[in-house]
């Protein structure tokens, strides 16, 4: 695999930011690693980080580079700080616009990856699971599949309960969570016929599990193509390393040829 740490300027954020990108690199003489070769540009997974993380955290705490290469999959991991993938009030930063509009264009400009919907996926953990599902529910035409691992699935309930009050005041300006940032509201208006495949998993020992159950109920009511996993696990990297492999196995990837 090839790993690129990309520092670049964002016109949307009006500041320098970063992303870590893993690109499949089939090689005939590398020992102990199996790559997958594709005839065209590789499919791409946007993989989003959690609240306390950065764009390199998935790479440091899992074997995502190896998992991606085995499947001939490019993985793009952007940096969004503690933004909840949301356009923050005032001059704080338009992180939703950065994620959903600018980032895909930057990736296409810098890298040779597929831009077809059937080759484009998004996933994330915790805050990143929230961001991944929000992106897929708000722009379902962009993705063939989306996954949330241990997601902050019911952010409105957390805000109303006074959880992380200072953080959510920064994110939403002290106002109620708007409908376009509420996963349960977005799920309730989702058209199953145009929706991507969805995967929701959360450990039964995770404090966020009840919110994930509520999201699943809302999605099931819409009749979407949904896979769930609520087995044992907590909010930690051992769980996420194991379950990102499940997500990758579940992705509707076209068959690639192994070296």
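Note on region 235-249 and region 64-125: Cα centroid distance 19 Å, given to the nearest whole angstrom. The relative contact order of region 2-258 comes to 18 percent, based on Cα pairs under 8 Å that sit 6 or more residues apart.
In square nanometres, what is the average projected area of the Cα convex hull of region 2-258? Mind dumping the intermediate values first?
Values: hull surface 52.8 nm².
Reported value for the Cα convex hull: 13.2 nm².
Rounding to the nearest 10 and keeping the result within 0 to 90°, find how far the Cα-based axis of helix 209-222 lies from the longest principal axis of the chain. The angle comes out near 80 degrees. Put simply, when 67-73, 4-10 are sorted by average Cβ atoms within 10 angstrom per residue, most first, you get 67-73, 4-10.
The DSSP beta bridges internal to region 2-258 are antiparallel in roughly 40% of cases.
Taking Cα atoms only, the orientation of helix 127-138 departs from the longest principal axis of the chain by about 90 degrees. Binning all Cα-Cα separations of region 71-139 at 5 Å, short to long from zero, yields these whole-percent fractions: 3, 14, 27, 26, 18, 9, 2, 1, 0.
Relative to the longest principal axis of the Cα atoms of the chain, the long axis of helix 237-250 lies at roughly 70 degrees.
All of the numbers you see were taken from the coordinates with simple rules; none came from a lab. Just so you know, these numbers come straight off a predicted model, no measurement behind them. Neighbour counts run over all protein chains shown; Cβ positions are idealised from the backbone, glycine included.
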